[in-house]
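This report refers to the structure that appears directly beneath it.
The numbers here are math on the coordinates, done by the rules we state, and not lab data. Fair warning: this is a prediction, and the values are worked out from it, not measured in the lab. Please note: Cβ atoms are built from the backbone with ideal geometry, for glycine as well, and neighbour counts cover all protein chains shown.
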Amino acid sequence: MNTIVVLGASGYIGRHLVAELVAAGNVRVRVLSRSRQRDLAANTFPVGVDIVEGDLLDPDSLAALCEPDCTVIHLAYLWTAGEEQNLATIRNLTEACKAAKVKRLIHLSTAMVTGRTRRDQITEAEVCRPLTEYATTKLAIEHAVINAGDGGFDIAILRPTAVFGPGSENLKKLAQDLVAGKRVRNYLKSCIFGKRRMNLVHISNVVASIVFLVVRSENFDGQVFIVSDADIAENNFQDVERILMRELRIPDYKFPPLTVPPFVLSLLLTCLGKDNTNPRCDYFSGKLTTLGFRRPVGFDAGLADYAAWYHSAYQNY
């Protein structure tokens, strides 16, 4: 039975990934936890998951976590730490992978590492120019992971766009604004953001892409893969808003939203300090598709899934 090690298993993507791996069966799942007893008491992970207590900054605990020929999936990020500590965790992890002779390390990054660009279609070949501390640190982590590629194990980098699904932070603000009933403000917001590309990707599609990279037999040799639902025409602000309003049974606006010229929106996004200031920008996952990856959840179905969760979680709206 193959072993899959997950770091960052208690995060949003991690919880969904571990649940999917356990449900699929035929694998042994090991996770790193800062408190094994706490996670056992809280039933943080499904039955059968091997919980190893440790810390990313503790090389010994990582050595105990990794096993020969296992696949390691790195989802963790130290939000309250800076670049130096995050890079220290990567050094610890890659050294543990090397010592244990693991099969493959899959590192989850973010499409935000691209930074600002004037291109409308972003692929993995785009030169990255990140602006925010978060994106800059994530790109530095990518480089550190790839530079560890001579350690005898295979490496793949996955860059998801804005992940949404039940319980996600993405779309929560939009849903809250819609149900709050402040129609004039929401209408003006719809006019301003218009057809700005949202670059959303459903959590099930992100999890499926990770599993896809786990089971592939070829070596990736540090290749980068984008995963997104960007090729869907409705993946823009007004259409996402319209679908959510329909699913949440919120009446349409009395008048169709007007459209602010893209250059005005671009200027506004620049003033707000956004990484991506091109409202027409899409991140395409054609590289994964070429390998045979197929998304299990359609875009409309994913939004309906999110709306159903929101309605259940906030029934009093």
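When you filter the trypsin sites (Lys or Arg not before Pro) in segment 192-254 for DSSP loop state and at most 15 other Cβ atoms inside 10 Å of their Cβ, you are left with 216, 249, 254. One chain, two ends: residue 274 and residue 83. Fully extended at 0.36 nm per residue, the span grows by 66.8 nm beyond their Cα-Cα distance. So in the chain, what percent of DSSP beta bridges are antiparallel if you round to the nearest 5? Roughly 5 percent of the DSSP beta bridges within the chain come out antiparallel.
Each Lys and Arg Cβ is given +1 and each Asp and Glu Cβ -1; about its Cα centre, segment 51-97 then shows a dipole of about 140 debye. Projected onto their three principal axes, the Cα atoms of segment 80-167 cover extents of 42, 32, 27 Å, largest first.
Calculated mean residue ellipticity, 222 nm, the chain: -13000 deg cm²/dmol, from DSSP H runs (n ≥ 4) at -39500 (n - 2.57) each, averaged per residue and rounded to 500. Each part gets one Cα centre, and for segment 135-185 versus segment 188-226 those centres are 9 Å apart.
Quick check: pseudo-label points 7 Å beyond the Cα along Cα→Cβ at residue 231 and residue 132, how many nm apart are they? Taking the two extended label points, one gets 2.7 nm. Listed by Cβ neighbour count within 10 Å, with the fewest neighbours leading, 89, 117 appear as 117, 89.
If one computes the Cα centroid of segment 27-53 and of segment 236-271, what distance in Å separates the two points? If we compute the Cα centre of each part, the gap is 42 Å.
Among bridges DSSP assigns within segment 1-110, what percent are antiparallel (round to 5)? Write out the running numbers ahead of the final one.
Working: 0 of 17 bridges.
Approximately 0 percent, going by the DSSP bridge assignments.
Measuring nothing but how far apart in sequence close Cα pairs (under 8 Å, 6+ apart) lie, relative to its length, segment 175-274 scores a relative contact order of 43 percent. Output the pairs from 189/254; 173/195; 195/274; 138/189 with a Cα-Cα distance over 21 Å in this structure; if there are none, say none. Over 21 Å Cα-Cα: 138/189. By the beta-carbon count within 10 Å of each Cβ, the least crowded to most crowded order of 1, 112, fewest first, is 1, 112. Evaluated at q = 0.13, 0.14 Å⁻¹, a Debye calculation over the C-alpha positions of segment 3-138 (equal weights, vacuum) places log10 I(q)/I(0) at -0.61, -0.70.
Listed by Cβ neighbour count within 10 Å, with the fewest neighbours leading, 228, 33, 209 appear as 33, 209, 228.
Applying both filters, DSSP loop and at most 16 other Cβ atoms within 10 Å, to the trypsin sites (Lys or Arg not before Pro) of segment 8-99 gives 34.
Projecting the Cα atoms of 156, 184, 278 onto the charge dipole of the chain (Cβ charges, centred on the Cα centre) puts 184 farthest toward the positive pole.
Using +1 on the beta carbon of Lys and Arg, -1 on that of Asp and Glu, and nothing else charged, what's the dipole of the chain about the Cα centre, debye to 20?
Charge dipole, the chain, about its Cα centre: 1120 debye, nearest 20.
Within segment 1-90, the chymotrypsin sites (Phe, Trp or Tyr not before Pro) that combine a DSSP coil assignment with at most 15 other C-beta atoms in a 10 angstrom radius are 79.
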